[in-house]
Amino acid sequence: MKEKLSDLLKAVIDDLFDRGDLIPEIVKTKSEVHGDWSTNIAMILAKELQENPKELAKKIISSLPDKKWIEKVELAGPGFINFFLTNLANLNYLKDLVKSEGSFYPFQEKTKKNILIEYVSSNPTGPLHVGHGRGAALGSSLSNLLKKSGNDVLQEYYVNDQGLQTKILADSVHKKYLEKFKIDTSKINDANFYKGEYIDELATKIKNRENDTYIELKDEKKFIDLIIKEMMKNIKMTLEEFKVNFDSFYSESSLYKELGSNQNKIQKVLKDLEKEYSFKNEGAIWFKSTQFGDDKDRVLIRSDDKETYFLSDIAYHKDKFDRGYDEIINIWGSDHHGYLPRIIASIKALKLKSEKLKTFFIQFVSLVKKGQKTSMSTRAGDFVTLDELIEEVGVDAARFFYLAKKSDQALDFDMDLAISEDKNNPVYYIQYAFARICSLEKELKERKMNFNIKDGINNLDLLNKKSELEIISFLENYKIIIEQCNKNYEVHPICFYLRDLASKFHSYYNSEIIIDDEENKRNAKFTLLLAVKKTIKSGMDVLMIETPEKM
């Protein structure tokens with residue numbers, strides 16, 4: 001009905017004020033006292049036209065044509081226009097929902113986009129920890145949302161397999177590897193080495209498989225590549241368990257491979273920047289990032305002739321743009337917040353369309369157990385892995401708790417709540433609503449009662465209790481939420497919506513006899529339940545969370 005009201009208002013506004021370009025904002029009201037839908041278009045026009053918003057609202061209302069599906073239109077407050085629809089009109093969305101075949105999803109983009117989304121991209125110097133899990137959950141769910149809305153989406157993981165950190169990782173494993181052969185390693189300075197059980201486990205794995213091949217490192221790069229390969233194998237297994245499947249694993253090392261011009265992508269982008277936007281100082285090559293709003297200029301090549309990570313990141317982003325995507329999305333940890341201005345600066349310097357790039361930041365995650373927070377340090381090996389979290393709370397709870405809060409807000413992950421089986425645990429509460437509906441459908445069959453959906457649709461007007469009308473109205477909010485999530489590139493509103501829908505259903509279930517003796521009313525009720533079930537299934541599918549039929 002939102003689209004119909006929007007078209008109706010646009011026609012009136014164009015006729016009255018010659019403003020057919022103005023798209024009125026129409027929202028669902030929070031209280032039935034204010035009708036079903038509301039718009040503030042009169043107040044927006046009042047600012048432009050320097051007129052009284054109430055008088056403008058009256059003029060708009062009086063110019064609206066009579067429609068059978070509109071019961072009445074009222075002026076409210078400083079100039080809101082509230083629409084009260086007929087019961088029949090409010091049933092249209094519900095009817096379309098239950099008639100839909102297969103999986104239900106209420107929104108399609110008018111213009112299909114080709115989108116690249118890069119997320120997680122954790123350095124392969126350790127297992128994925130609970131902080132990475134939040135980015136993994138958001139990236140995969142957002143990709144899923146955008147795909148379902150009709151876009152082409154490629155999910156990419158950027159593998160940092162170059163540089164000092166990979167060497168430190170390999171050295172850390174090699175020291176442990178030597179110790180497996182009782183070789184004295186006391187003279188090796190391991191102050192900066194990675195610690196943790198995973199280092200020892202990897203050393204044991206290499207020894208068992210390769211024996212003494214790597215006691216003497218004749219080819220250090222080969223050993224580093226081996227360690228990175230093993231680390232990525234474990235990371236991919238964790239991601240797959242967490243329902244995260246990337247289309248592409250893009251290696252940083254590929255940026256250093258020669259192209260046809262005897263230049264690699266690093267050298268090529270450096271040459272492009274050198275034309276106007278670089279300078280030499282104290283033996284280093286610098287990028288003039290301050291010319292594009294950065295707070296200081298940045299080093300591209302150090303005085304020892306080594307490339308910085310920043311230079312390879314520029315080359316990687318240049319390659320993203322060269323691949324021709326309509327939108328490029330980065331999901332980064334909050335510790336990279338200060339990194340964005342220099343990346344934007346480099347994109348502008350390369351004369352690329354910086355507006356194509358959208359970057360979202362993930363705030364830190366703290367695990368809370370028995371009221372106590374757990375701190376983490378990857379280098380010290382003192383951290384909780386994503387595998388450990390999954391084992392303790394399960395994939396579904398982990399994904400939901402990660403997604404249920406806006407990503408730019410810090411998250412306290414309550415592990416005790418995540419494993420509880422009561423209404424305080426939102427994911428359990430939603431899954432239980434779905435399972436309850438499945439149980440009612442099963443009970444109906446056991447009583448040898450048939451559910452006739454056609455009869456149910458024809459008798460939906462029998463659902464006139466307050467709890468039923470609330471659910472009918474609330475179901476249409478799902479489409480609004482999905483549209484909002486696509487517009488804002490977020491998924492947490494779906495979590496809130498599903499929790500509230502489950503709550504309304506459970507209240508209805510506890511207060512009403514669902515398997516009614518009167519056939520027409522029973523069919524109408526089960527039609528409503530089918531709509532709730534399909535909506536829960538749709539939302540949980542976006543979040544990539546299971547909807548078990550039995551709990």
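Every number here is computed from the coordinates shown, using simple stated rules; none is lab data. None of the values given here were measured: they were computed from a predicted structure. So basically every Cβ, Gly included, is an ideal-geometry build from the backbone, and we count neighbours across all protein chains shown.
If you take the Cα centroid of the range 483-542 and the Cα centroid of the range 249-273, the two points sit 52 Å apart.
A Cβ-based charge dipole, computed about the Cα centre of the range 164-241 with Lys and Arg at +1 and Asp and Glu at -1, lands at about 120 debye.
Rounded to the nearest 0.05, the FRET efficiency derived from the C-beta distance between ASP190 and TYR309 at R0 = 30 Å is 0.80.
Farthest towards the positive end of the charge dipole of the chain, among the residues MET449, TYR316, LEU16, is the Cα of LEU16, using unit charges on the Cβ of Lys, Arg, Asp and Glu.
Note on the chain: with charges restricted to the Cβ of Lys and Arg (+1) and Asp and Glu (-1), its dipole about the Cα centre is near 420 debye.
Over the chain, what is the mean sequence separation of C-alpha contacts under 8 Å (at least six apart), divided by residue count, expressed as relative contact order in percent? Once normalised by length, the contact order is 15 percent. Seen from ASN452, the other residues with C-beta closer than 15 Å to its C-beta sum to a net charge of +4, counting Lys and Arg as +1 and Asp and Glu as -1. Among TYR177, TYR428, TYR309, the order by Cβ neighbours within 10 angstrom, fewest to most, reads TYR309, TYR428, TYR177. Taking amide H positions as modeled 1.01 Å from N, with prolines and chain starts lacking one, the residues under 5 Å from SER121 and 5 or more places away or on another chain are TYR158. Using a Förster radius of 56 Å, what is the FRET efficiency between LYS275 and ASP96 based on their Cβ-Cβ separation? Nearest 0.05, please. E(calc), rounded to 0.05, equals 0.45. Each of TYR256, TYR325 was scored by other Cβ atoms within 10 Å of its Cβ. Arranged with the fewest first, they read TYR256, TYR325. Just so you know, the Rg over Rh for the range 422-543 is 0.98, from Cα atoms, with Rh as the Kirkwood radius.
For the range 172-183, the Karplus equation 6.51 cos²θ - 1.76 cosθ + 1.60, evaluated at θ = phi - 60°, returns couplings of 4, 5, 5, 4, 5, 4, 4, 5, 5, 9, 6, 8 Hz by residue, with Gly and Pro reported as x.
When the charge dipole of the chain is built from unit charges on Cβ atoms (+1 for Lys and Arg, -1 for Asp and Glu) and taken about the Cα centre, the candidate among SER140, PHE292, ASN123 whose Cα reaches farthest toward its positive end is PHE292.
Taking the Cα centre of the range 211-332 as origin and assigning +1 to Lys and Arg Cβ atoms and -1 to Asp and Glu Cβ atoms, the resulting dipole is close to 200 debye.
Fully extending the segment from ALA76 to SER420 would add 119.4 nm, taking 0.36 nm per residue of separation and subtracting the current Cα-Cα distance.
The peptide list 4-13, 43-52, put in order of mean Cβ contacts within 10 Å with the highest first, becomes 4-13, 43-52. Restricting the GluC sites (Glu not before Pro) of the range 355-464 to loop positions (DSSP other than H, G, I, E, B) with no more than 11 neighbouring Cβ atoms within 10 Å leaves GLU421. Across the options LEU352, GLN363, SER420, the greatest Cα extent toward the positive end of the charge dipole of the range 342-453 (unit charges at beta carbon of Lys, Arg, Asp, Glu) belongs to LEU352. Only beta bridges with both residues in the chain are counted; by DSSP, about 55 percent of them are antiparallel.
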